[in-house]
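The values are calculated or read from the model by the stated rules, or taken from the named source; none is laboratory data. Keep in mind that what you see is a predicted model, and the values were worked out from it rather than measured. Cβ coordinates were reconstructed from backbone atoms using ideal geometry, including for glycine residues, and neighbour counts include every protein chain displayed. What goes into the accessible areas is simple: the full protein's heavy atoms, side chains included, and nothing from ligands, DNA or RNA. Shrake-Rupley method; radii C 1.70, N 1.55, O 1.52, S 1.80 Å.
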Amino acid sequence: MIYNINKVREDFPILGREVYGKPLVYLDNGATTQKPRVVVDAMVDEYYSVNANVHRGVHFLSQQATELHEASRETVRRFINARSTNEVIFTRGTTESVNLLASSFGDGFMREGDEVIISTMEHHSNIVPWQLQAARRGIAIKVIPMNDQGELLLDEYEKLFSERTKLVSITHVSNVLGTINPVRQMITMAHEHGVPVLVDGAQGVPHAAVDVQDLDADFYAFSGHKVYGPTGVGVLYGKEEWLDRLPPYQGGGEMIQTVTFEKTTFNELPFKFEAGTPDYVATTALARALDYVTALGMDNIALHEHELTQYAMNRLREIPGMRLIGEAEHKSSVVSFLVGDIHHFDMGTLLDRLGIAVRTGHHCAQPLMQRLGIEGTVRASFGLYNTKEEVDILVAGVERVSRMF
Ligand code: PMP
């Protein structure tokens with residue numbers, strides 16, 4: 001064992017509860033992760049003993065809240081190895097990060113006939129914002145195809161570039177297939193065409209160390225709640241040279257330098273993109289979550305989850321009628337499957353009765369479902385606290401449900 005999993009599980013009070021009189025087996029980490037005590041305690045502590053609005057007050061509490069908030073930005077910077085805290089913008093989550101960039105990049109750099117490249121396996125939050133831009137500005141969306149194992153076809157990707165390509169926006173890890181895309185290589189390829197890249201890291205950051213400088217990503221988005229932090233906070237990383245050139249997203253307090261009724265000048269980075277009161281309590285708690293996973297070691301978490309995923313896939317494969325969906329060579333801790341003609345919803349509902357929380361449906365990736373020719377899948381997604389015993393319970397549950405049909 002890489003870290004003491006039983007001790008780690010004690011840090012997450014919810015894992016001790018029962019549902020329907022059965023111990024909870026929580027395998028829906030792709031949707032959201034559970035929170036360790038240090039994260040929730042940080043929020044309670046801040047509300048009880050510090051709470052004041054940040055950046056605006058001369059008084060003691062406001063300064064203390066501001067220090068906590070800005071220290072959190074530094075924690076995020078270190079965690080993803082950004083060059084500067086100017087490159088770390090706090091948002092509500094991955095969805096807002098992508099919308100911020102689509103809107104701002106669209107305003108700044110996209111005209112009718114320009115093109116954005118995305119992939120077959122994108123979450124709706126990395127499809128619809130570009131469609132909104134397409135409707136507004138007449139830009140075109142090109143889609144990187146994939147093979148049946150769930151791997152993007154890089155030769156086809158190369159062919160999609162044209163003189164009108166303005167941006168590539170791709171997921172680091174598929175929330176349905178678990179595929180870890182070769183984003184570093186894909187970024188190099190885009191840069192050879194002079195095109196910047198946004199990486200949707202919602203499923204990347206929680207499962208392996210991410211170094212934005214090593215990837216050479218121009219933009220990288222992730223959500224706090226998927227990496228053991230609170231809901232309502234996320235990050236958009238952007239290279240300073242890009243963020244400097246991009247126009248603001250929303251207008252309001254904090255993002256300005258001076259305002260008259262005639263003209264407004266904007267604040268410096270990162271505040272130019274942070275209109276209004278941020279969720280400063282959540283940013284503090286996000287920093288505690290990042291400290292927590294850092295202490296366990298991202299490499300240890302990756303190794304543990306890799307072993308669990310391999311074990312789960314091998315065991316599930318033995319079940320008659322099992323169809324695993326997503327068998328990429330490089331795969332994260334997501335296992336999607338269907339058994340015979342059992343509807344994914346029936347499987348999920350019956351597993352739930354056994355205390356096993358999995359996700360069913362299209363997982364906000366309907367175009368990917370269309371590519372696969374299915375309506376949905378059952379998805380088990382593992383986190384740092386899941387155990388082999390829990391995988392055994394899942395496998396026994398799937399066997400039991402399969403026998404019922
Ligand atoms: N992208 C991917 C790959 C995701 O898995 C998710 C969440 N399921 C999102 C984006 C959206 O994240 P959020 O809802 O936290 O904004």
Inset, instruction - Answer yes or no: is there a residue in the stretch 44-59 that is within 25 Å of Ala289 (Cα to Cα), surrounded by 15 or more Cβ atoms within 10 Å (Cβ to Cβ), within 16 Å of the ligand (Cβ to nearest atom) and at pLDDT 95 or above. - result: no
Inset, instruction - Residues being open to solvent by 50 Å² or more (accessible area, probe 1.4 Å), over 19 Å from Ile301 (Cβ atoms) and either among the charged types (D, E, K, R) or in contact with an Asp or Glu (Cβ under 6 Å, 6 or more places away or on another chain) (or both): count how many of those fall in the stretch 186-211. - result: 1
Legend entry - Lone unmet requirement of (1) closer than 16 Å to Gly178 by Cβ; (2) not in a strand (DSSP E or B) for Val378: (2)
Legend entry - Scope the stretch 145-156; condition surrounded by 22 or more Cβ atoms within 10 Å (Cβ to Cβ) and either more than 20 Å from the chain's Cα centre (by Cα) or more than 16 Å from the ligand (Cβ to nearest atom) (or both); matching residues: Met146
Legend entry - Residue within the stretch 172-185 that is open to solvent by 50 Å² or more (accessible area, probe 1.4 Å), free of Cβ contacts under 8 Å to residues at least 40 places away in the same chain and farther than 22 Å from Trp242 by Cα present: no
Legend entry - Hits in the stretch 236-266 - residues which are part of a loop (DSSP other than H, G, I, E, B) and within 16 Å of the ligand (Cβ to nearest atom): Tyr249
Legend entry - Residue count, the stretch 197-219 (criterion: closer than 11 Å to Val98 by Cβ and not acidic (Asp, Glu)): 5
Inset, instruction - State which residue is nearest to the ligand (Cβ to nearest atom) when the search covers only the stretch 224-235 and only residues that are open to solvent by less than 10 Å² (accessible area, probe 1.4 Å) and under 11 Å from the mean Cα position of the chain (by Cα). - result: Gly234
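Okay, residues lined up against (1) within 23 Å of the chain's Cα centre (by Cα); (2) of a type in the set (Asp, Glu); (3) over 18 Å from Gly326 (Cα atoms):
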position: Val358; (1), (2), (3): yes, no, no
position: Pro367; (1), (2), (3): yes, no, no
position: Gly373; (1), (2), (3): no, no, no
position: Gly376; (1), (2), (3): yes, no, no
position: Ser381; (1), (2), (3): yes, no, no
position: Thr387; (1), (2), (3): yes, no, yes
position: Glu390; (1), (2), (3): no, yes, yes
position: Ile393; (1), (2), (3): no, no, yes
position: Ala396; (1), (2), (3): no, no, yes
Legend entry - When residues of the stretch 68-125 are limited to those that are assigned to a loop (DSSP other than H, G, I, E, B) and either in contact with a Pro (Cβ under 7 Å, 6 or more places away or on another chain) or free of Cβ contacts under 8 Å to residues at least 40 places away in the same chain (or both), the one farthest from Tyr237 (Cα to Cα): Glu112
Legend entry - Near pairs, Cβ below 6 angstrom, 6+ apart or cross-chain, from the stretch 332-358 (assigned by TED's automatic domain parsing to the domain that holds Leu24 and among the acidic types (Asp, Glu)) to any residue that is outside any helix (DSSP H, G or I) and open to solvent by less than 30 Å² (accessible area, probe 1.4 Å): none
Legend entry - Boolean, Phe161 is touching a residue at least 24 places away in the same chain (Cβ under 8 Å), among the aromatic types (Phe, Trp, Tyr) and more than 16 Å from the ligand (Cβ to nearest atom): yes
Inset, instruction - For Lys226, state whether it is among the basic types (Lys, Arg) and closer than 30 Å to Asn147 by Cα. - result: yes
Inset, instruction - Say whether the condition of being at pLDDT 95 or above, more than 23 Å from Pro270 (Cα to Cα) and in contact with a Leu (Cβ under 7 Å, 6 or more places away or on another chain) is met by at least one residue in the stretch 82-99. - result: no
Inset, instruction - Return the only residue of Glu87, Glu10, Glu74, Glu96 being open to solvent by 20 Å² or more (accessible area, probe 1.4 Å), more than 16 Å from the ligand (Cβ to nearest atom) and more than 20 Å from Glu305 (Cα to Cα). - result: Glu74
Inset, instruction - List every residue pair whose Cβ atoms lie under 6 Å apart, where the two residues are 6 or more positions apart in sequence or sit on different chains, the first residue falls within the stretch 362-378 and is closer than 21 Å to Thr349 by Cβ and open to solvent by 10 Å² or more (accessible area, probe 1.4 Å), and the second residue, located anywhere, is modelled with pLDDT of 95 or more and of a type outside the set (D, E, K, R). - result: His362/Met369; His362/Gly376; His363/Asn175; His363/Val176; Cys364/His123; Cys364/His124
Legend entry - Hey, Thr260 within 13 Å of the chain's Cα centre (by Cα) and open to solvent by 60 Å² or more (accessible area, probe 1.4 Å) or not: no
Inset, instruction - Kindly check whether there is at least one residue in the stretch 23-41 that is more than 16 Å from the ligand (Cβ to nearest atom) and at positive phi. - result: no
Legend entry - Thr277 vs. criteria within 16 Å of the ligand (Cβ to nearest atom) and either at pLDDT below 95 or open to solvent by 60 Å² or more (accessible area, probe 1.4 Å) (or both): no
Legend entry - Selection count where residues are touching a residue at least 40 places away in the same chain (Cβ under 8 Å), of a type in the set (A, V, I, L, M, F, W, C), touching a Ser or Thr at 6+ places or on another chain (Cβ under 6 Å) and not in a helix (DSSP H, G or I), scope the stretch 18-67: 1
